[in-house]
Structure formats: C-alpha cells, structure tokens
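Take a look at the structure below.
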C-alpha cells in the first residue's frame, strides 16, 4: 500500500543552494539569539576589551564574533572548542553555562554572572597530549583551572613538571622573547 502511494508522489526539484545558505544563516542567527536570550550576561566585552551596549544587541550576529560566545559545558560533553580542537574540561565545570572569549594571546572561559575566570591558557595553544582532535586540558602549557578535580590536578602537575624539564633542556624553543 505504501509503495503505491509513493509511486504517485510527484518528484520535487532539488533545493537551490541560495535557499540552503539562507536557511543556514537563519539557523545560525537563531542559535546566537538563543544564547543571548539566556540573560546570563549583563554586558558584552569585545576582544579588544571594549564594552558593547546591551541596546546594540538587537543585531547580535553582526556584533558578536565567533570567539565571543556563551557556551554550555554538559556532563556528558565536557569539552570546549578552539580552532577545530576539542579541549577536555574538568568535570567540576560540568552542567553550567560560561562565556568564552579568545584574545590574541589568551583563551578564557569565565562565569558570566560573577566574571570569575574558571579556565584559561596562553596562546598559541601548546599541548603535550593530543589524540586526533582531542586535547587533554591538563596537558596544555600554562593552563589555569579553578576547582579542578584531584585527578585533573595530579595530571596537570605531572605535565607542568614535564614542561619545566623541557624548558631546561630546550630553552631556545620554550623561551619567549
């Protein structure tokens, strides 16, 4: 019976690329508006440190760069993303919404209500442990994580010692100047 119904359904034309692009832009704007509508952040700060007036947020897709967003870290998806890399996050940060900002020299995740920095690391990103696109946050050089679990802290300490050893062995690579 279903087969006969399908035989009589007229074939539709493929969707034109411009229609797909418009739908994708609409979806992206909806996602950005949804993040802003959470009303968790009372102010928006640009990458240059300038405050953006809340009244100007009627067109957030034009004002907010991809690096200036609200993110949610879920218990089953404890990652933040930077340039296609998946950076693991301590379970102590799970099930909360945070603001993420990327400057020329730092990646920062902070609590939008209090402004407390909960995770940061210097750029360029320098990890010692990477598997595919996944980077263990505790292996990132210069990582800061608030309220990290004991296990995360133990691993981070081990990598800090490794960085210190490498800095002594290869100062020309690790010395910033």
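Things to note:
- Of 140, 135, all but one fail to be modelled with pLDDT of 90 or more, touching a strand residue (DSSP E or B) at 6+ places or on another chain (Cβ under 9 Å), crowded, with 16+ Cβ neighbours inside 10 Å and within 30 Å of residue 24 (Cβ to Cβ); the exception is 135.
- Within the range 118-145, the residues that satisfy the criterion of being in a loop (DSSP other than H, G, I, E, B) and under 14 Å from residue 80 (Cβ atoms) are 123, 125, 133, 136, 143.
Residues checked against (1) surrounded by 13 or more Cβ atoms within 10 Å (Cβ to Cβ); (2) modelled with pLDDT under 65; (3) touching a strand residue (DSSP E or B) at 6+ places or on another chain (Cβ under 7 Å); (4) under 27 Å from residue 151 (Cα atoms):
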position: 69; (1), (2), (3), (4): yes, no, yes, no
position: 85; (1), (2), (3), (4): yes, no, yes, yes
position: 91; (1), (2), (3), (4): yes, no, no, yes
position: 111; (1), (2), (3), (4): yes, no, yes, yes
position: 121; (1), (2), (3), (4): yes, no, yes, yes
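- Qualifying residue in the range 152-159 (condition: assigned to a loop (DSSP other than H, G, I, E, B), in contact (Cβ under 8 Å) with a residue 40 or more places away in the chain, surrounded by 10 or more Cβ atoms within 10 Å (Cβ to Cβ) and touching a helix residue (DSSP H, G or I) at 6+ places or on another chain (Cβ under 9 Å)): no
The values are calculated or read from the model by the stated rules, or taken from the named source; none is laboratory data. Everything quoted here is computed from the prediction, not taken from an experiment. Note: ideal-geometry Cβ built from the backbone for every residue, glycine included; neighbour counts use all protein chains shown.
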